[in-house]
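Okay, here's the structure, questions in a sec.
The values are calculated or read from the model by the stated rules, or taken from the named source; none is laboratory data. A quick note: this is a predicted structure, and the numbers were derived from the prediction, not measured. Don't worry about glycine lacking a Cβ; one is built from the backbone with ideal geometry, like all the others, and counts go over all protein chains shown.
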Amino acid sequence: MIKFIKRTILFIIIVVIAIFSIFIYQGYKLYEEAIKETSINEKIEEIKKEKENYIKFDKLPENYINAIVAVEDRRFFEHNGMDIISITRAIIKDIQTMSLAEGGSTITQQLAKNTYFTQKKELTRKIAEIFMAFEYEKVCSKEEILELYVNTIYFGDGCYCVYDASHKYFDKDPSDMNLYESTLLAGIPNAPSVYAPTKNPELAKQRQAQVLNKMVKYKYLSKEEADKVLNIDISESIKNK
């Protein structure tokens with residue numbers, strides 16, 4: 001009986017490895033096709049050419065960069081495009097819920113998805129995204145990746161880059177955003193249709209609280225600084241439309 005159980009477990013493990021290997025192969029082929037069609041350098045030039053209001057990294061407030069890293073990818077400056085810890089955690093949650101609700105994506109993976117692939121949640125696309133993230137990390141510095149990221153993510157209410165969002169919501173350039181505005185904006189891309197402050201100000205405020213809590217947790221802000229921001233009325237900050 002024990003031998004049978006061991007053989008059954010071994011068989012299941014082999015089947016799982018075989019299936020996952022197929023997905024890895026398919027994901028790699030998807031990545032290979034995408035990179036052959038448009039190289040990373042060509043994609044970067046394409047983005048800069050298409051984005052009329054493209055913003056350079058040195059024009060972004062430090063608080064905004066810290067907020068993005070804290071809430072989206074706290075080990076961003078340490079990994080090579082994929083965060084094993086986050087992905088493992090996401091896989092466990094996905095298995096528990098039998099879904100692909102948790103992505104565990106790094107900022108680099110999100111950039112890869114936004115610039116090369118669809119938003120549809122598929123395992124093959126997820127694997128292709130990881131290969132593309134490795135490619136971005138080989139070609140670009142961390143600062144360049146963050147720069148591309150904020151110029152290609154969606155901020156809700158028709159805003160497809162940080163410049164458009166800062167003008168839409170605050171009527172100012174990104175470089176002029178204060179701590180309140182930086183932390184509010186950093187929370188929106190997680191669910192733009194939900195957290196766009198012109199659409200759902202209270203939900204945007206709740207998301208901002210999550211961003212601030214992460215910044216305190218990872219030592220970007222003190223608790224006192226975060227509390228001061230949370231006490232600001234959102235109606236005093238958002239540009240009236």
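Does GLU46 satisfy the condition of being modelled with pLDDT of 95 or more, closer than 24 Å to GLU225 by Cα and not hydrophobic (A, V, I, L, M, F, W, C)?
Numbers: modelled with pLDDT of 95 or more: yes; closer than 24 Å to GLU225 by Cα: no; not hydrophobic (A, V, I, L, M, F, W, C): yes.
No.
Please work out if ILE87 is part of a helix (DSSP H, G or I), at pLDDT 95 or above and hydrophobic (A, V, I, L, M, F, W, C). Before the answer, list the steps.
Details: part of a helix (DSSP H, G or I): yes; at pLDDT 95 or above: no; hydrophobic (A, V, I, L, M, F, W, C): yes.
It is false that ILE87 is part of a helix (DSSP H, G or I), at pLDDT 95 or above and hydrophobic (A, V, I, L, M, F, W, C).
Another question, if that's okay. Give LYS138, LYS120, LYS126 a once-over and let me know the one that is at pLDDT 95 or above and basic (Lys, Arg).
Details: LYS120 fails: at pLDDT 95 or above; LYS126 fails: at pLDDT 95 or above.
Just a single option satisfies the conditions, and that option is LYS138.
Here is a further query. If you take the residues in region 199-241 that are at pLDDT below 90 and not hydrophobic (A, V, I, L, M, F, W, C), which one is surrounded by the most Cβ atoms within 10 Å (Cβ to Cβ)?
SER237
So which residues in region 1-60 are aromatic (Phe, Trp, Tyr), under 24 Å from the mean Cα position of the chain (by Cα) and under 20 Å from LYS126 (Cβ atoms)? Before the answer, list the steps.
Applying the first criterion (aromatic (Phe, Trp, Tyr)) to region 1-60 yields 4, 11, 20, 23, 25, 28, 31, 54, 57.
Checking the rest, the ones that are also under 24 Å from the mean Cα position of the chain (by Cα) come to 23, 28, 31, 54, 57.
Matches in region 1-60: PHE23, TYR28, TYR31.
Return yes when ALA133 is within 30 Å of TYR25 (Cα to Cα) and buried (at least 16 other Cβ atoms within 10 Å of the Cβ) and no when it is not. Please lay out each step first, then the result.
Values: within 30 Å of TYR25 (Cα to Cα): yes; buried (at least 16 other Cβ atoms within 10 Å of the Cβ): yes.
Yes: the conditions hold for ALA133.
Out of region 108-121, which residues are assigned to a helix (DSSP H, G or I), surrounded by fewer than 24 Cβ atoms within 10 Å (Cβ to Cβ) and among the β-branched types (Val, Ile, Thr)?
THR115
Output the number of the condition that GLU62 fails; it satisfies all remaining conditions of (1) modelled with pLDDT under 95; (2) surrounded by fewer than 12 Cβ atoms within 10 Å (Cβ to Cβ); (3) among the charged types (D, E, K, R).
The failed condition is (1).
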